[in-house]
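Written out below as C-alpha cells is the structure these notes cover.
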Amino acid sequence: MTERFDCYYCRDNLHGKKYVMKDEKHVCTKCFDKLCANTCAECRRPIGADAKELNHKNRHWHEDCFRCAKCYKPLANEPFGARDDGKIMCGTCGSREDGNRCQACYKVVMPGTQNVEYKNKVWHEECFTCFECKQPIRSQSFLNKGDDIFCGPCHEKKFAKKCFHCKQPITSGGISYQDQPWHSECFVCRTCRKGLAGTRFTSHEEHVYCVDCYKTSVAKQCNGCKNPITGFGHGTNVVNYEGHSWHEYCFNCKKCSLSLANKRFVINGEDIYCPDCAKKL
C-alpha cells in the first residue's frame, strides 16, 4: 500500500496534485491561499501560491503591485528606494521628492546634474545668476551682498568706491583726501602731473599741487621778501592788505623793523611803517 501524502491542514491527499512547502509542511494550494499566503502591501490581498511574490524588508507584494508610488512604473526589475513613510519609489521620483531644491526655481536638483553649492544651499548651474545682470555665474568669481549674488564686474560697478577725479571704480588701493577717494594714479599735481601720494602737497580751488608747482604757479608773492607765500613750515601766517600779501614775519616797519602784525601801521608806497616812524618821515 502506498503511504499517504496529505495536506497538513485539510488532510486531502496530495498525490498528483500541486502543493507548497511551508515551514517544512506540505500544504495544498487552497489551504496555502487561505491560511499561509502573505498579504500584499499594496492591494492588501493574499499573494497566492500561483502568484509571483516580491519582498523587501519583511514586506510583500504581488509582482504587478510592486510599482513606484508616484509614477506607477513597475519596479520588479528596476532600481528603487523605500521612503520612511513606507512608499516605494523609482530613482527619478525619489530624487524629486527627497532631493535638494534649487534656491532660484525651487525645482529638484537631480543627482548628476550640473549644480552650484554655496553656504549649504544648492542651485541649478543655470539658475545661479548675478542679481544685477541676470547672467549665470558658472566658473566666474562672485561676491555676495546680503543674500544677493553678484558677478565681479557688477559688484564692482554697483558697490566699489568711485574716484573723485575720474569717477571710475577703485578696485584696490587708492587714497583718501578731504573725505574723497582717489586712485593713486589720479592723485597728481595739476601742473606737472607728478604723483602726490606720500609727498607734501597743497590745494587751491579744488586742485592739488606739488610744493614746487604751487610756489611757481599759484602762490602769491610776499610784498616784503618777494618770495612765494606757500603756507608751509615757518611763516604759515599771512597778512593781506589792499591786494598785497606778506609773510607775517616780513610784515615789519621799514625803519625800525618792529613787527606790525595785528598792530596799527602806515603804508607809504611799497613800504610799511609803524605810526612813530611814519611821523618822522
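The values are calculated or read from the model by the stated rules, or taken from the named source; none is laboratory data. On a predicted model such as this, the values are computed, not experimentally measured, just so you know. Please note: Cβ atoms are built from the backbone with ideal geometry, for glycine as well, and neighbour counts cover all protein chains shown. When the accessible area is computed, the model is the full protein with side chains, heavy atoms only, and any ligands, DNA or RNA have been set aside. Shrake-Rupley method; radii C 1.70, N 1.55, O 1.52, S 1.80 Å.
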Residues of the range 259-281 satisfying the condition of being under 23 Å from residue 237 (Cβ atoms), of a type outside the set (Val, Ile, Thr) and modelled with pLDDT under 85: 259, 260, 261, 262, 270, 271
Selection count where residues are more than 24 Å from residue 80 (Cα to Cα), open to solvent by 100 Å² or more (accessible area, probe 1.4 Å) and basic (Lys, Arg), scope the range 96-145: 4
Strands (runs of 3 or more DSSP E) lying entirely in the range 10-59 (those with 1 or more residues that are under 28 Å from residue 88 (Cβ atoms) and in contact with an Asp or Glu (Cβ under 9 Å, 6 or more places away or on another chain)): 53-56
All but one of (1) outside any helix (DSSP H, G or I); (2) of a type in the set (D, E, K, R); (3) over 30 Å from residue 125 (Cβ atoms); (4) touching a Gly at 6+ places or on another chain (Cβ under 9 Å) hold for residue 70, so report the exception by its number. (3)
Confirm whether residue 9 is buried (at least 16 other Cβ atoms within 10 Å of the Cβ) and touching a residue at least 24 places away in the same chain (Cβ under 8 Å). yes
Every residue from the range 91-114 that is in contact with a helix residue (DSSP H, G or I) (Cβ under 6 Å, 6 or more places away or on another chain) and either closer than 26 Å to residue 141 by Cβ or not in a strand (DSSP E or B) (or both): 102, 104, 105, 110, 111, 114
With the requirement that a residue be in contact with a helix residue (DSSP H, G or I) (Cβ under 9 Å, 6 or more places away or on another chain) and either more than 13 Å from residue 82 (Cβ to Cβ) or open to solvent by 80 Å² or more (accessible area, probe 1.4 Å) (or both), what does the range 52-68 give you? 52, 53
So residue 131, is it assigned to a strand (DSSP E or B) and either more than 23 Å from residue 171 (Cβ to Cβ) or free of Cβ contacts under 8 Å to residues at least 24 places away in the same chain (or both): no
Search result, residues across the range 116-132 that are under 16 Å from residue 145 (Cα atoms) and either among the acidic types (Asp, Glu) or in contact with a helix residue (DSSP H, G or I) (Cβ under 9 Å, 6 or more places away or on another chain) (or both): 130, 131, 132
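Being under 60 Å from the mean Cα position of the chain (by Cα) and either in contact (Cβ under 8 Å) with a residue 24 or more places away in the chain or open to solvent by 100 Å² or more (accessible area, probe 1.4 Å) (or both) narrows it down to one of 42, 24, so name that one. Walk me through how you get there before you give the answer.
Values: 24 fails: under 60 Å from the mean Cα position of the chain (by Cα).
Result: 42 is the single residue among 42, 24 that is under 60 Å from the mean Cα position of the chain (by Cα) and either in contact (Cβ under 8 Å) with a residue 24 or more places away in the chain or open to solvent by 100 Å² or more (accessible area, probe 1.4 Å) (or both).
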Applying the selection to the range 241-258, what residues are surrounded by 15 or more Cβ atoms within 10 Å (Cβ to Cβ) and in a strand (DSSP E or B)? 244, 245, 246, 247, 252
